[in-house]
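This report refers to the structure that appears directly beneath it.
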Amino acid sequence: MEMKKLGRTDLMVSSCCLGTMTWGEQNTEAEGHRQMDYAVERGVNFFDTAELYAIPPKPETQGSTERIVGSWFKSRGSRDRIILATKIVGRSKDTWYRDDDVSECRLTPDQIDEAVEKSLKRLQTDYIDLYQLHWPDRPAPTFGTRLKPHHYDIDYVKFEDVLAALNKHVEKGNIRHVGVSNETPFGVMKFLAASEASDLPRVQSIQNAYNLVNRTFEEGLEEVCMHEDVSLLSYSPLAQGYLTGKYRDGALPPKSRKALFERLQRYEKPHADAAINSYLDLAADLGVDPTALALKFCDSRSFMTSTIIGATTMEQLRTCIDSFDLSWTDEMENAVNALHAAQPNPCP
């Protein structure tokens, strides 16, 4: 498993990152433990979780994924072998994450303090290697949405105030490094400027959706991150399963996320089917597993630090990790770029 440097830190993370969001909903604690055991055996040293998980977000399962990771740390004694990333929710009307009677979840100092301490307790650790803002405090074009004019008039916690609140935990040793998620070029540059101006923690990573049918990262963020050494950690590299072919032609596998939760609309937009099917056909023509084509595409990008995978079965997990061994060829590169040029970003 290839190791890459995270941002400007001294941390080396595996090019495959183990995502965990199904644990506590679609997967049991024992299944989560089994996945972590296997991933470590295969050379994965990077886990990603969040206070929000399990998915879909709801009060009954909130924090369950972190607890499963924490119980694995306790039972295996493996904390020092893992680079651990977790996340705090951004601005949200879902307030069950906080004990206090708040009207909104926000990235305020008090809420950051509460979130960090709760995550540390659930994870049964005294430090988090990478603490990420799951989405911004300000209105932003996240999860494939677009801003409207009135959004620019809404107040938000200042970039420097968010970093100052996080810095308290860096100084205490509870957080080693900070990152963002579902961010824009504007947001990344504002955080970097605030960090430099006030000697505050530097954003080391960005976790955004990136896959064959959503390459919008290349339109602004790539330039920012390459010049500023901000690592991309791509989520949804399989387009929530669509790029595996499991949903092709209206198929609905039992126990799949679509069958259980019907939350995949980001990959069900106009022209999505045609684009997705073209990549599935390409994989068949090349004689490779479509999962491998999709994951290795992400892994082969010059700006990629780690690609986040997720699985609900051990068979899926093995397939995903095996995909990183695929050799990426000029034929593959030229073919996916030709398809992208003909149908750019149908699922932003």
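Counting only DSSP beta bridges with both residues in segment 3-342, the antiparallel share comes to about 15 percent. Remark: spin-label model distance Asp285-Thr313 equals 2.9 nm, labels positioned 7 Å along the Cα→Cβ axis.
With respect to the chain, whose longest principal axis is taken over its alpha-carbon atoms, helix 185-198 is tilted by about 30°. When each of the peptides 204-213, 267-276 is scored by how many other beta carbons lie within 10 Å of its residues on average, the order from highest to lowest is 204-213, 267-276. Computed from backbone phi, the HN-Hα couplings of segment 82-99 come to 10, 8, 9, 10, 9, 9, 9, 5, x, 4, 7, 7, 7, 9, 6, 6, 10, 6 Hz, rounded to whole numbers (Karplus: 6.51 cos²θ - 1.76 cosθ + 1.60, θ = phi - 60°; Gly and Pro given as x).
Within segment 52-160, the GluC sites (Glu not before Pro) that combine a DSSP coil assignment with at most 11 other C-beta atoms in a 10 angstrom radius are Glu60. The string of couplings for segment 268-283 from the Karplus curve (6.51, -1.76, 1.60, θ = phi - 60°) is 10, 7, x, 6, 5, 4, 4, 5, 4, 4, 5, 6, 5, 5, 4, 4 Hz, one whole number per residue in order, with x for Gly and Pro. Counting Lys +1, Arg +1, Asp -1, Glu -1, what net charge surrounds Asp101 among other residues with beta carbon under 15 Å of its beta carbon? So the surrounding residues net to -3.
With a simple spin-label model that places each label point 7 Å from the Cα along the Cα-to-Cβ direction, the separation between Glu196 and Val170 comes to 1.5 nm. Looking at segment 73-129, the trypsin sites (Lys or Arg not before Pro) that sit in a DSSP loop and have at most 11 other Cβ atoms within 10 Å of their own Cβ are Lys93.
Enter the Cα centre distance for the pair segment 146-194 and segment 204-237, rounded to the nearest angstrom. Taking the Cα centre of each part, segment 146-194 and segment 204-237 sit 17 Å apart. FRET efficiency for Arg34 and Tyr152, Cβ-Cβ distance as r, R0 = 35 Å, nearest 0.05? For Arg34 and Tyr152, the calculated efficiency is 0.15. A Förster distance of 51 Å, applied to the separation of the beta-carbon atoms of Val102 and Glu333, puts the FRET efficiency at 0.60. Most tightly packed first, judged by the mean number of other beta-carbon atoms within 10 Å of their residues, the peptides 322-328, 152-158, 12-18 read 12-18, 322-328, 152-158.
So for segment 3-342, considering every pair of alpha-carbon atoms, how many percent are separated by more than 35 Å? When every Cα pair of segment 3-342 is considered, 18 percent fall beyond 35 Å.
Taking each DSSP H run with n ≥ 4 as -39500 (n - 2.57) and averaging over every residue of the chain yields -11500 deg cm²/dmol at 222 nm. Could you tell me how many degrees, from 0 to 90 and to the nearest 10, lie between the Cα long axis of helix 159-172 and the main elongation axis, the longest principal axis, of the Cα atoms of the chain? So the helix axis and the longest Cα principal axis differ by about 80 degrees. Segment 278-348 and segment 238-258 have Cα centres spaced 16 Å apart.
Read-outs: derived from the displayed coordinates by stated rules, not from any lab. The structure presented is a predicted model; accordingly, all values stated were derived computationally and were not measured. When we count neighbours, we look across all protein chains shown, and the Cβ atoms used for this are built from the backbone with ideal geometry, even at glycine.
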